[in-house]
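Novice: Before I ask anything, here is the structure I am working with.
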Amino acid sequence: MSKPFLITFGAAVVVIAVLVWVGFANTKGNHLVPTGSIGKVRTAKASDEGTFMVIDFNVKNDSDVDMVVHSIETSVDFPDGSTAPGSAASSTDIPMAFRNYTLLGEQYNPVLKDRDIIPAHQQVDRMVGISIDLPFDKVETRKNVKVRIEDVTGPAVEMIK
């Protein structure tokens, strides 16, 4: 191979690499990568075989596009390795739950629901209320609580406390 060919080939590779890098840098904000953390978890005995739990959390959307909530999944993990799913309470039932279970305290944040929007470049504080079909004493021995929020386009944030 001749020297001029190698120089031209090397220059073309550098130009292509720069163009690809610029393309990725300019579309960085188009990729939804939400983050979040669970703040407070409160529980109350609902019945002999049921527990009501309130999970306060925040979600941050650093992208240039809004996040539209498609689904919210919750679960509780226990030291023995078992997992119990939580059934979300409707947003209209939450005020009644706070009235009936006074040990929960007061409602600090609005309820996050399906089709709620988390605006671009925003952080929001929200909560979810769930019922778990396990006795209160068992739920209190939990190892951690998980909340997974998925966007309509697929990206999700999973928070563990």
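Each value in this text was obtained by applying a stated rule to the coordinates, not by laboratory testing. Small disclaimer: the values here were computed from a predicted structure and weren't measured. When we count neighbours, we look across all protein chains shown, and the Cβ atoms used for this are built from the backbone with ideal geometry, even at glycine.
Novice: With 10 angstrom as the radius, rank Ser91, Ser82 by how many other C-beta atoms surround their C-beta, starting from the fewest.
Specialist: Ser82, Ser91
Novice: May I ask you to compute the full-extension gain from Asn144 to Thr8, defined as 0.36 nm times their residue separation minus their alpha-carbon distance, rounded to one decimal in nm?
Specialist: Net length gain for the segment: 43.1 nm.
Novice: For the chain, build the charge dipole from Cβ charges (+1 Lys, Arg; -1 Asp, Glu) around the Cα centre, then report which of Gly10, Ser37, Val124 sits farthest towards its positive end.
Specialist: Gly10
Novice: Also, quick follow-up: Ranked by Cβ crowding within 10 angstrom, fewest neighbours first, how are Arg42, Arg126 ordered?
Specialist: Sorted ascending by nearby Cβ count, the order is Arg42, Arg126.
Novice: How about Lys113: which aspartates and glutamates have a C-alpha closer than 17 Å to its C-alpha, ignoring those fewer than 8 places off in the same chain?
Specialist: In chain and number order, the partners are Asp56, Asp66, Glu73, Asp93, Asp125, Glu150, Asp151, Glu158.
Novice: Relative to the first principal axis of the alpha-carbon coordinates of the chain, what is the inclination of helix 3-26, with its axis defined by its Cα atoms, in degrees from 0 to 90 and to the nearest 10?
Specialist: Relative to the chain, helix 3-26 is tipped by roughly 30 degrees.
Novice: How far apart, in nm, are the 7 Å Cα→Cβ label points at Val33 and Ile16?
Specialist: 2.6 nm
Novice: OK, next. Could you compute the FRET efficiency for Ser71 and Glu49, with r as their C-beta to C-beta distance and R0 at 30 Å, rounded to 0.05?
Specialist: 0.70
Novice: Right, here's the next one. Per DSSP helix of 4 or more residues, -39500 (n - 2.57); summed, then divided by the residues of the chain. What does that give at 222 nm, rounded to the nearest 500?
Specialist: That calculation yields -7000 deg cm²/dmol at 222 nm.
Novice: Given a Förster distance of 35 Å, report the FRET efficiency between Glu158 and Gln107 from their Cβ-Cβ distance, rounded to the nearest 0.05.
Specialist: Between Glu158 and Gln107 the formula returns 0.90.
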